[in-house]
Amino acid sequence: MTLKSAFEDLRETTLQAITGCLRKLEYVSGLRHKREDYVHWGLGRVYGDPQANKALTQAHRALVSQVLSTPIRQLVEDVELSSRVAGLPPSSYLDRLRKRGLDLLPNSPGAGSARHLNSVLYALSGLVKARQKPDAIRRAS
């Protein structure tokens, strides 16, 4: 039996099963209870709530960093994949993320993280809408 840390278990099991870095960010941020501690029954049961919370905080920070450092072209592809998995059009998926606002960020994010993430989501919304316009024009022709 291989012994794993709570973070390794989370990354290699739970997060590995989720498609797209935006979906992973959405998932982990959704585990935070009232913008305080995270709640994950399985991790808490195996590793204890303090270690589970530490692992989820670490994963949340890593996912924000990943999103903010990923080239916009790759994020557009991520939006298309993540929205398909979520069963939403890409623009609706991005609207949902943008409405989450600060809830997508971990507690005490780095300086400028909120603005940076908001800017990335705004840019993605514009790019996705621009991509959809040529499709709508072709269908109307």
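The values are calculated or read from the model by the stated rules, or taken from the named source; none is laboratory data. Every value quoted in this text rests on a predicted model; they were computed, and no experiment measured them. Glycine also receives a Cβ, built like all others from the backbone with ideal geometry; neighbour counts cover every protein chain displayed. SASA here: full protein model, heavy atoms, side chains in, ligands and nucleic acids out. Shrake-Rupley method; radii C 1.70, N 1.55, O 1.52, S 1.80 Å.
Figures for the structure shown
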item	result
The lone exception for ARG23 - which of (1) of a type outside the set (Val, Ile, Thr); (2) closer than 20 Å to SER113 by Cα; (3) not in a helix (DSSP H, G or I) it fails	(3)
Count - residues of the range 62-92 that are open to solvent by 60 Å² or more (accessible area, probe 1.4 Å) and either polar (S, T, N, Q) or over 17 Å from ILE18 (Cβ atoms) (or both)	8
Odd one out for LEU10, checked against (1) surrounded by fewer than 20 Cβ atoms within 10 Å (Cβ to Cβ); (2) in contact (Cβ under 8 Å) with a residue 12 or more places away in the chain; (3) over 14 Å from the mean Cα position of the chain (by Cα)	(1)
Residues that are open to solvent by 30 Å² or more (accessible area, probe 1.4 Å) and either in contact with a helix residue (DSSP H, G or I) (Cβ under 7 Å, 6 or more places away or on another chain) or modelled with pLDDT of 95 or more (or both), drawn from the range 101-118	LEU102, ASP103, PRO109, ALA114, HIS116
Close pairs from the range 61-78: first assigned to a helix (DSSP H, G or I), partner among the β-branched types (Val, Ile, Thr), Cβ under 8 Å, at least 6 apart	LEU63/VAL28; VAL67/VAL120; LEU68/VAL120; ILE72/VAL120; LEU75/VAL67; LEU75/VAL120; VAL76/VAL128; ASP78/THR70
Positions within the range 21-51 being free of Cβ contacts under 8 Å to residues at least 60 places away in the same chain and charged (D, E, K, R), in sequence order	LYS24, LYS34, ASP37, ARG45, ASP49
Options LYS54, LYS4: the member that is open to solvent by 70 Å² or more (accessible area, probe 1.4 Å), free of Cβ contacts under 8 Å to residues at least 60 places away in the same chain and not in a helix (DSSP H, G or I)	LYS4
Condition met for LEU127 (touching a residue at least 24 places away in the same chain (Cβ under 8 Å), surrounded by 13 or more Cβ atoms within 10 Å (Cβ to Cβ), farther than 17 Å from LYS24 by Cα and out of contact with any strand residue (DSSP E or B) (no Cβ under 9 Å at 6 or more places or on another chain))	yes
